[in-house]
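K.L.:
Quick one: the structure is below, and I'll ask about it shortly.
Taken together, the values in this text are just the output of simple stated rules run on the coordinates, not laboratory data. On a predicted model such as this, the values are computed, not experimentally measured, just so you know. Counting neighbours? That spans all protein chains shown, and the Cβs are built from the backbone with ideal geometry, glycine included.
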Amino acid sequence: MKVRAAILAGAMLVSAGTALAAPAKAPAYDERPAKLEQPTALRDYERRVVDIPMRDGVKLHTVIMVPKAAKGAAVLLTRTPYNAEDMTSQHGSAKLASAIDGYDSAPDVVAAGGYIRVVQDVRGKYGSEGTYVMNRPFVGTSLNPTKTDHATDTYDTIEWLVKNVPESNGRVGIIGISYDGFTALAGLVNPHPALKVSVPMNPMVDGWRGDDWFHNGAFRQIGMSYMWEQVGTRDNSSTYEVAEADAYTHFMKHGSAGALATAQGLDQIGFWQKIKQHQAWDNFWQEQAMDKVLAKAPLTVPTLLVHSQWDQEDIYGAPAVWSALKDADKSGNLFFTMGPWYHGQAIERADTLGALRWDSDTGKWWRSHVLAPFLAHYLYDTPMDLARVTAFQSGTNQWQRLADWPAAPAAKKLYLHTGEGLGFAPSPAEGTVDYVSDPAKPVTYYPRPNQQEGYDGNPWPTWLVGDQRPVSGRPDVLSFTGPVLDKAVTISGASVVHLTASTSGTDSDWVVKLIDVYPDEVPGDRAMGGYQLAIGMDIFRGRFRETLAEARPVKAGAPLEYVFELPHANHVFLPGHRIMVQVQSSWFPLYDRNPQTFVPSILDAKPGDYVKAVQKVSVGGAQGSYVALPVVE
């Protein structure tokens with residue numbers, strides 16, 4: 001009995017112990033580690049991620065990439081709304097040059113110069129705290145009620161970097177393309193003493209005069225998708241969705257740009273509301289135009305302005321800043337480059353542009369002969385032999401060292417003739433050349449189907465050099481063509497349109513193109529035979545003829561003069577070529593359609609406002625139209 005009792009008692013204890021023991025933990029059904037550790041031994045740089053506090057306490061997400069064994073290295077800073085993490089994590093490479101081989105870097109120059117590369121998200125974007133405002137205006141203007149802007153954020157960032165990156169030599173340069181070119185310009189306002197050089201490339205300068213949002217009052221409606229994605233969310237996670245593969249169909253579907261914006265949800269976007277409220281060149285645009293902002297104080301930081309002759313996005317900005325600052329630059333701080341590129345192509349392979357061939361990689365040449373020595377001179381005190389202006393001359397396809405820009409001393413009038421002729425002497429006969437502009441059948445800026453704007457397999461980057469023959473035969477496009485040249489005609493600078501014309505409507509757009517017409521056959525380059533290459537073209541909205549600051553009706557039937565600049569060019573019309581000037585009244589869907597009836601807001605035009613108009617271009621005599629070319633004799 002005692003044995004049985006003992007056995008029973010033991011069994012009960014075992015049973016009780018089993019009941020009290022913690023149940024075994026089931027294995028996690030997850031193959032990911034709790035925290036992934038990135039191997040870094042193979043990297044030739046050290047990556048540091050810091051949230052740098054600004055003067056108001058807002059922290060800006062910053063990636064710092066320091067070459068291993070760096071000592072006394074200069075810093076190259078880019079401030080961007082385009083995701084600092086992504087811009088510094090390219091190609092999955094352990095090499096610094098490959099890791100930054102993406103948007104907004106010149107990796108060959110950065111790696112060869114041993115620079116510490118820093119990329120920072122601007123306020124309100126991606127990893128940075130704070131609110132986002134498109135091209136945030138400056139403190140002290142009526143547009144910014146706060147005490148911070150891109151200038152103060154640049155100053156505070158540089159202050160932190162020179163104190164907390166021991167491998168640096170205490171010198172900082174700022175570089176960037178497009179929006180990041182704008183932030184490179186903003187850093188020049190009350191600059192930090194350690195800021196020794198700035199390279200604004202294709203910068204956004206004046207969004208109304210000729211950069212992203214308007215050109216001379218005509219609204220660049222393709223920018224609506226950018227507004228949605230850039231402003232709508234911190235990380236651009238909400239895409240602009242379309243139901244039409246052809247952008248022409250997309251923008252025609254709802255009539256006005258305003259109606260389309262409402263359908264696409266843009267009425268929620270604060271910047272879109274500002275666009276609607278400021279369709280003229282009023283204080284909103286003028287107070288934040290960088291050429292005007294920078295002209296208020298002497299330039300103290302050496303600055304290299306980089307311009308692309310065929311920049312499809314910001315073709316106005318760099319030359320405008322150059323023109324505003326060059327005469328006051330007594331210290332030799334201002335430099336200018338113009339290359340044969342699309343927007344940002346200077347940091348890419350650039351031996352071609354669309355159908356054009358340049359005989360060499362113009363981007364590589366520029367980075368080696370201009371950008372690299374410019375940065376090294378001011379950040380490392382190395383010698384520099386750099387002209388004030390370095391400009392590529394298309395036609396002859398060669399680089400030029402110039403003392404100033406433009407190089408042309410005076411303008412030469414190129415007259416529009418009857419019979420759609422063209423010449424440097426006025427037409428002996430006076431008259432008009434007429435066409436009918438129909439908003440229901442607008443002229444396209446490149447042939448349909450117009451793919452939605454983008455960079456992957458899309459003609460958007462190179463459309464400015466697209467062949468103009470597809471529209472030159474349209475009845476609503478005038479093509480004034482000169483004789484075959486027996487000697488070269490060289491231009492350097494901005495051509496100025498003096499168009500005298502009437503419309504049967506009360507508003508009108510005028511598009512003028514300066515074109516190089518190639519010979520019917522080009523030996524060794526069959527594709528260029530008869531090619532019509534636009535050298536400079538732009539649009540002007542008629543309601544701003546009297547003043548850019550206020551929309552006013554156009555007097556129907558009255559011949560009126562419209563004066564506006566075409567983009568800067570450095571080009572040679574070679575012997576055997578011809579010069580052409582095209583005139584039309586729409587450029588769709590790049591720009592919204594002018595209803596040709598005066599309404600207070602074209603963005604809100606109603607279907608009944610869109611009417612056909614008879615357009616009459618005056619030629620010959622005192623009122624004859626012409627283009628003033630900056631001819632170099």
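K.L.:
Please work out the Cα center distance from the range 467-509 to the range 246-319, rounded to the nearest Å.
P.N.:
25
K.L.:
Leu42 to Glu229: FRET efficiency via 1/(1 + (r/R0)^6), r the Cβ-Cβ distance, R0 22 Å, to the nearest 0.05?
P.N.:
On the way: r = 35 Å, r/R0 = 1.60.
Result of the calculation: an efficiency of 0.05.
K.L.:
Going down the list Lys147/Lys276; Lys196/Lys330; Lys253/Lys441, which pairs span over 19 Å between their C-alpha atoms? Spell out each step's value before the answer.
P.N.:
Values: Lys147/Lys276 26 Å; Lys196/Lys330 17 Å; Lys253/Lys441 13 Å.
Pairs exceeding 19 Å: Lys147/Lys276.
K.L.:
At Ala558 and Lys274, where each label point lies 7 Å from the Cα along Cα→Cβ, what is the point-to-point distance in nanometres?
P.N.:
Each label point lies 7 Å from its Cα, and together they span 3.5 nm.
K.L.:
Let me ask another. Can you pull a Stokes-Einstein diffusion coefficient for the range 95-139 at 25 °C (0.890 mPa s), Rh from Kirkwood over Cα pairs, as a whole number of µm²/s?
P.N.:
On the way: Rh = 12.6 Å.
D = 195 µm²/s.
K.L.:
I've got another one for you. Please pull out the direction-averaged projected area of the range 412-632, using the convex hull of its alpha-carbon atoms, in nm² to one decimal place. Can you show the working numbers first?
P.N.:
Numbers: hull surface 52.0 nm².
Spelled out: convex hull of the Cα atoms, projected over all directions, averaged, 13.0 nm².
K.L.:
Nearest-5 percent of antiparallel DSSP beta bridges in the chain? Mind dumping the intermediate values first?
P.N.:
Details: 76 of 106 bridges.
Around 70 percent antiparallel, to the nearest 5.
K.L.:
For Thr262 and Ala549, FRET efficiency with R0 = 25 Å and r from the beta-carbon atoms, rounded to 0.05? Could you put the intermediate results ahead of the total?
P.N.:
Working: r = 27 Å, r/R0 = 1.08.
Given R0 = 25 Å and the Cβ-Cβ separation, E is 0.40.
K.L.:
Another question, if that's okay. Based on the Cβ-Cβ distance from Arg32 to Lys68, what FRET efficiency comes out when R0 is 22 Å, to the nearest 0.05?
P.N.:
On the way: r = 29 Å, r/R0 = 1.34.
After rounding, the FRET efficiency stands at 0.15.
K.L.:
Taking the Cβ of Ser479 as the centre, find all other residues whose Cβ is under 11 Å away and add up their charges (Lys, Arg: +1; Asp, Glu: -1). Before the final figure, lay out each step's value.
P.N.:
On the way: positive: Arg469, Arg474, Lys513, Arg578; negative: Glu420.
With Lys, Arg at +1 and Asp, Glu at -1, the neighbours total +3.
K.L.:
For Lys612, go through the aspartates and glutamates and keep the ones whose alpha-carbon is under 16 Å away, minus same-chain ones fewer than eight residues off.
P.N.:
In chain and number order, the partners are Asp434, Asp438, Asp476, Asp507, Asp509, Asp592.
K.L.:
Sticking with this structure for a sec: Expressed as a rounded percentage, what relative contact order does the chain have, with Cα pairs under 8 Å and six or more residues apart? Show your work: numbers first, answer last.
P.N.:
Working: 1408 pairs, mean separation 83.7, N = 633.
Averaging sequence separation for qualifying contacts and normalising by length gives 13 percent for the chain.
K.L.:
Starting from the alpha-carbon convex hull of the range 531-633, give the projected area averaged over all orientations, in nm². Working shown, then result.
P.N.:
Working: hull surface 36.7 nm².
Mean shadow area of the hull around the Cα atoms is 9.2 nm².
K.L.:
Counting Lys +1, Arg +1, Asp -1, Glu -1, what net charge surrounds His343 among other residues with beta carbon under 9 Å of its beta carbon? Intermediate results must be reported in sequence, preceding the final value.
P.N.:
Numbers: positive: none; negative: Asp311, Glu313, Asp314.
Taking every Cβ under 9 Å from that of His343, the sum is -3.
K.L.:
Compare the peptides 342-352, 357-367 by average per-residue count of other Cβ atoms within 10 angstrom and give them in order, highest first.
P.N.:
Details: 342-352: 20.3, 357-367: 17.5.
By packing density, highest mean first, the sequence is 342-352, 357-367.
K.L.:
Taking Rh as the Kirkwood radius computed over C-alpha pairs, what is the Stokes-Einstein D of the range 381-442 at 37 °C in a medium of viscosity 0.692 mPa s, expressed in µm² per second?
P.N.:
Numbers: Rh = 16.6 Å.
Stokes-Einstein gives a translational diffusion coefficient of 198 µm²/s.
K.L.:
222 nm [θ] for the chain, helices only, -39500 (n - 2.57) per DSSP H run of 4+, per residue, to 500? Let's see the in-between values first.
P.N.:
Working: 16 runs with 123 residues, N = 633.
Rounded to the nearest 500, the figure is -5000 deg cm²/dmol.
K.L.:
In percent, what relative contact order does the range 120-205 have, based on Cα pairs under 8 Å that are 6 or more apart in sequence? Walk me through the numbers on the way to the answer.
P.N.:
Values: 120 pairs, mean separation 20.7, N = 86.
Computed value for the range 120-205: 24 percent relative contact order.
K.L.:
Among 316-322, 231-237, what's the highest-first ranking by average C-beta atoms within 10 angstrom per residue?
P.N.:
Going from most to least packed, we get 316-322, 231-237.
K.L.:
Over all pairs of distinct alpha carbons, what does the Kirkwood formula give as the hydrodynamic radius of the range 220-283, in Å? Could you put the intermediate results ahead of the total?
P.N.:
Numbers: mean 1/r = 0.0803 Å⁻¹.
Its Kirkwood hydrodynamic radius stands at 12.5 Å.
K.L.:
Relative contact order of the range 550-629: what whole-number percent is it, with Cα pairs under 8 angstrom and at least 6 residues apart?
P.N.:
Values: 30 pairs, mean separation 17.1, N = 80.
Reported as a whole number, the value is 21 percent.
K.L.:
Continuing with this model, one more query. Could you sort 574-582, 607-615, 103-111 so that the peptide with the highest average Cβ count within 10 Å comes first and the rest follow in order?
P.N.:
Numbers: 574-582: 19.3, 607-615: 16.4, 103-111: 21.1.
Listed from highest to lowest mean packing, they are 103-111, 574-582, 607-615.
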